[in-house]
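Asker: Quick one: the structure is below, and I'll ask about it shortly.
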Amino acid sequence: MLHPLVPFASHFTACHQACQLPSYASSAIMIWMNPYALTQESIRNLFNNIAPTYDFLNHLLSLRRDIYWRKKAVLELDGHQGWMLDIATGTGDVAIEMINQGNGKRKVFGLDFSEPMIRKAQEKLLKRNLSGKITLGLGDALFLPFRNNSFVGLVIAFGLRNIPQKEQALSEMVRVVRPGGKVVVLEFTLPERGLMKRIYPFYFKRVLPRVGGWISGDRHAYAYLPDSVSLFRSTKDYEKLMVHSGLREVFSRLLTGGIVSIISGIK
Ligand SMILES: C[S@@+](CC[C@H](N)C(=O)[O-])C[C@H]1O[C@@H](n2cnc3c(N)ncnc32)[C@H](O)[C@@H]1O
């Protein structure tokens, strides 16, 4: 399999250096917690700050449903073999799941713009002896350092919500996936009916920010989560964007009563 990075090595190195920006406390910038008012750098700092407790809190706050959600998202790529991309890989769980489901026929590139997150992912890969199958790199979802048509499939899990320039991010995704390849978005959504519609907002807006803030030591980061979802809340929002970016057969699946959704499309 030809490595998708080869012709873009210099671009990637530049991106790598640009990502090594000094980290400073995010609190000053988080004034109104409107994700559209946040800069790339403040969002990166937010994730830099919570990287040490990210996995623990994910499992705790979702009652370990996050593991199932990622599994289901990666299952959307069933039958796709070859190079896969995990955008906003964070601590690398989607990338690892792509390999676990790949029957030895996949290689994965995991990209994220937060260095502490990528370091956590690297530790996991070393522990699981997966460094030969998963390549990790620092880079921005808005300027993917890959050739056109490089990947057979890609996932962005809990990442698109954090990117104010969603059209640009999606157009980059469509560019790097080859024709017939699949783009899969896994994202928090707000339940639109049933019991979840009534009980979930209380948990999401009141309980989660408190517990998350208390354990991570970053109150703002976990207050940001419900705010980032409230602006882009339904699968319809994501579907429209994906159709607009040129994907076909755009399709949504609601998970856990609609608190999380998978939205996918084919190039
Ligand atoms: C909520 S975490 C999700 C991590 C992982 N995908 C998961 O399933 O747990 C969001 C990640 O998106 C990354 N991110 C946000 N905006 C990004 C961008 N423009 N380019 C690359 N990574 C970005 C953050 O650094 C963070 O690691």
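Asker: Check every one of the helices (runs of 4 or more DSSP H) wholly within the stretch 24-139 and list those with 2 or more residues that are at pLDDT 95 or above and in contact with a Gly (Cβ under 7 Å, 6 or more places away or on another chain). Explain how you work it out, then say what you get.
Answerer: Working: elements: 40-50, 54-61, 65-75, 93-100, 115-127.
Fully inside the stretch 24-139 and qualifying: 115-127.
Asker: Return the total of residues in the stretch 124-143 being within 9 Å of the ligand (Cβ to nearest atom) and buried (at least 23 other Cβ atoms within 10 Å of the Cβ).
Answerer: Residues flagged as within 9 Å of the ligand (Cβ to nearest atom) and buried (at least 23 other Cβ atoms within 10 Å of the Cβ) within the stretch 124-143 amount to 2.
Asker: Let me ask something else about it. Is the stretch 172-180 home to any residue that is within 23 Å of Leu225 (Cα to Cα), within 11 Å of the ligand (Cβ to nearest atom) and either out of contact with any Lys or Arg (no Cβ under 7 Å at 6 or more places or on another chain) or not in a helix (DSSP H, G or I) (or both)?
Answerer: no
Asker: Still on this structure: Looking at this structure, is Glu76 more than 9 Å from the ligand (Cβ to nearest atom), acidic (Asp, Glu) and touching a Lys or Arg at 6+ places or on another chain (Cβ under 7 Å)?
Answerer: Details: more than 9 Å from the ligand (Cβ to nearest atom): yes; acidic (Asp, Glu): yes; touching a Lys or Arg at 6+ places or on another chain (Cβ under 7 Å): yes.
It is true that Glu76 is more than 9 Å from the ligand (Cβ to nearest atom), acidic (Asp, Glu) and touching a Lys or Arg at 6+ places or on another chain (Cβ under 7 Å).
Asker: Has the stretch 247-254 got at least one residue that is surrounded by 15 or more Cβ atoms within 10 Å (Cβ to Cβ), touching a residue at least 40 places away in the same chain (Cβ under 8 Å) and in a helix (DSSP H, G or I)?
Answerer: No: zero hits.
Asker: Suppose the filter is outside any helix (DSSP H, G or I) and farther than 16 Å from Val94 by Cβ; does Phe202 pass it? Working first, answer last.
Answerer: Details: outside any helix (DSSP H, G or I): no; farther than 16 Å from Val94 by Cβ: yes.
When the stated conditions are applied, Phe202 does not pass them.
Asker: So which residues in the stretch 53-67 are more than 9 Å from the ligand (Cβ to nearest atom) and surrounded by 14 or more Cβ atoms within 10 Å (Cβ to Cβ), if there are any at all?
Answerer: Thr53, Leu57, Leu60, Leu61, Ser62, Arg65
The values are calculated or read from the model by the stated rules, or taken from the named source; none is laboratory data. What you are looking at is a predicted structure, and each value in this text was computed from that prediction instead of being measured. Please note: Cβ atoms are built from the backbone with ideal geometry, for glycine as well, and neighbour counts cover all protein chains shown.
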